[in-house]
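Encoded as structure tokens, the structure appears first; notes follow it.
The values are calculated or read from the model by the stated rules, or taken from the named source; none is laboratory data. If you're wondering where the values come from, they're calculated on a predicted model, not measured in any experiment. Here the Cβ positions follow ideal geometry from the backbone for every residue, glycine too, while neighbour counts run over all protein chains shown.
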Amino acid sequence: MLCIVKGLANPNLKLRRAKEHLDTLEVGIRSFVEAKPHTTTSYDDLGTDEYVVQIQFQGPCIWPIGAIFGDFICCLRSSLDHLMYGLVTANGGEPTTNTAFPIISIYRGQPSEDRFTNAVRGVPDGARAIVQSLQPYNSGNAHELTHLARLDKLWNIDKHRHIPLDAAACDIEFPKVPRTLRKPTVSIIDDKAVVRFPMAAKPYANFDPVTKVFVRFGSEKAGIVVTIENLRDIYEFVAENVIPRFKGFFPE
């Protein structure tokens, strides 16, 4: 038996699934960070008269976290498209292949207007006005920082290009050494950080450095990098500030 849910049921089901993926993502990131995926070794390099600290990054594979992120971003973005489909059918119309929730960051005139019109065709006028008010281009030069623009860009990276896992990065805090000594040099070789101190700084540097591991999503090349906190903000904006605004357009 085919079960067809109407109204806000479809987008809310997608939201619920997105939330499940987001919670799983947080657990995965926490496990990765708590695994302390690095070891520290040190030695005297008598040839260069330097004290060398090496930080080897290892630990659990980070890529499954990226796949979960893709599931999250897909469900969240599709909740908006399901919303538009439901609005058209509730208004007595017939959705088309163009029916979708448009997210337009930069308004360039006729092409943008046509894209918006085709996407919301059949949507009640009041709902259409709300969709228009939510467009990132209304924020001017800050359009890239809006939640919907970030959502759409991340979704397109995952859908068309690659898993949008930008990096599993590590901040390393070293103690201060006297200003009279040369500053340490840092180089990254594959998955290893090599820090070279002048030998005279060894009394200050002979320690296990404090590290802070974190995971980032997106793509620097595409101009977007976000954290798990940013993802939760995006989710809450859609779940609390977008979809509920259309409740009045559906019959009780």
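Exactly one residue among VAL53, VAL5 is at pLDDT below 95, closer than 30 Å to GLU236 by Cβ and not aromatic (Phe, Trp, Tyr), and that residue is VAL5. Screening ARG77 against (1) within 17 Å of VAL226 (Cβ to Cβ); (2) modelled with pLDDT under 95; (3) among the basic types (Lys, Arg) leaves a single unmet condition, (2).
Being modelled with pLDDT under 95 and in a helix (DSSP H, G or I) is a property that does not hold for GLY126. Of all positions in the range 85-99, none carries a residue that is without any contact (Cβ under 8 Å) to a residue 40 or more places away in the chain, touching a Pro at 6+ places or on another chain (Cβ under 8 Å), within 18 Å of ASN156 (Cβ to Cβ) and in a loop (DSSP other than H, G, I, E, B).
In the set (1) part of a loop (DSSP other than H, G, I, E, B); (2) modelled with pLDDT under 85, ALA222 fails one condition alone, (2).
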